[in-house]
Amino acid sequence: MISDSEYLKSYIPLVEFLGKALGPKTEVVLHDVANLESSVIAIANGQITRRKVGDPATDMMLRTIKDKSYRNSDYVVGYSAKIWNESQKLSSATYYIKRDDRLIGMLCFNTDNTEMDQLIAAVERFSSAHLPKDDKPGEPANPEEENIVPSLKGMAREAIEMTCAEFGVTADQLEVAERIEVVRLLNSRGYFQLKGAVHELAPELGVSEPTVYRYLETVKKSDEA
């Protein structure tokens, strides 16, 4: 019986094929969940998110593994993804690759709809000016959003930036309680499943690695209370 790693490698030609078939506006990514800190093992049209082979898992992947939501479905569609430090959003979908009900990989699709969105906006502007209004409400937005960040350090910085924005402070002004909130946010995203996560986070928070572990223990205890 072939290993999970060898089994996943059989999907690599499919990644290349789908990248060409779907066109340059759709990124196709193959992830190996056995190595979350370098999960990307194949990618087509990586210029969309500027990722490459060897880059880490996303926060949505980490949440999926943590809450085991893959057990309830073979795929998820219709969610959006955001590239770190950019306003651009992508339309995304993920197929779960399983063996004996075990999750071993994910095949992900991220489509850049910027040009289509611009066209739709232009049509809507024309419609609002020249056509009767339709009062029917639109479909609710999918609350799940994936954040595509190219490194563990980037994931840490993004969480710090979000916490700073929430409390109206800069990174060097974070108090202990606010640093703990950074750890809480990252823990909720599954960040600490990644090898080297604490090592990357500690200098970004300006604290030692043992301090990060203490913060994490505080978060876990409060979540269990």
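The values are calculated or read from the model by the stated rules, or taken from the named source; none is laboratory data. What you are looking at is a predicted structure, and each value in this text was computed from that prediction instead of being measured. All Cβ positions, glycine included, derive from the backbone under ideal geometry; neighbour counts span all protein chains shown.
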Between Val28, Val76, which is out of contact with any helix residue (DSSP H, G or I) (no Cβ under 7 Å at 6 or more places or on another chain), of a type in the set (A, V, I, L, M, F, W, C), in a strand (DSSP E or B) and over 27 Å from His199 (Cβ atoms)? Val76
Which numbered condition Ala42 fails, given (1) of a type in the set (Gly, Ala, Ser); (2) surrounded by fewer than 21 Cβ atoms within 10 Å (Cβ to Cβ); (3) more than 23 Å from Thr114 (Cα to Cα); (4) modelled with pLDDT of 95 or more: (2)
Within the range 177-216, count every residue that is basic (Lys, Arg), over 19 Å from Ser39 (Cα atoms) and crowded, with 18+ Cβ neighbours inside 10 Å. 2
Give just the number: which of (1) at pLDDT 95 or above; (2) crowded, with 21+ Cβ neighbours inside 10 Å does Glu16 not satisfy? (2)
Considering residues of the range 81-114 that are polar (S, T, N, Q) and surrounded by fewer than 16 Cβ atoms within 10 Å (Cβ to Cβ) only, the residue modelled with the highest pLDDT: Gln88
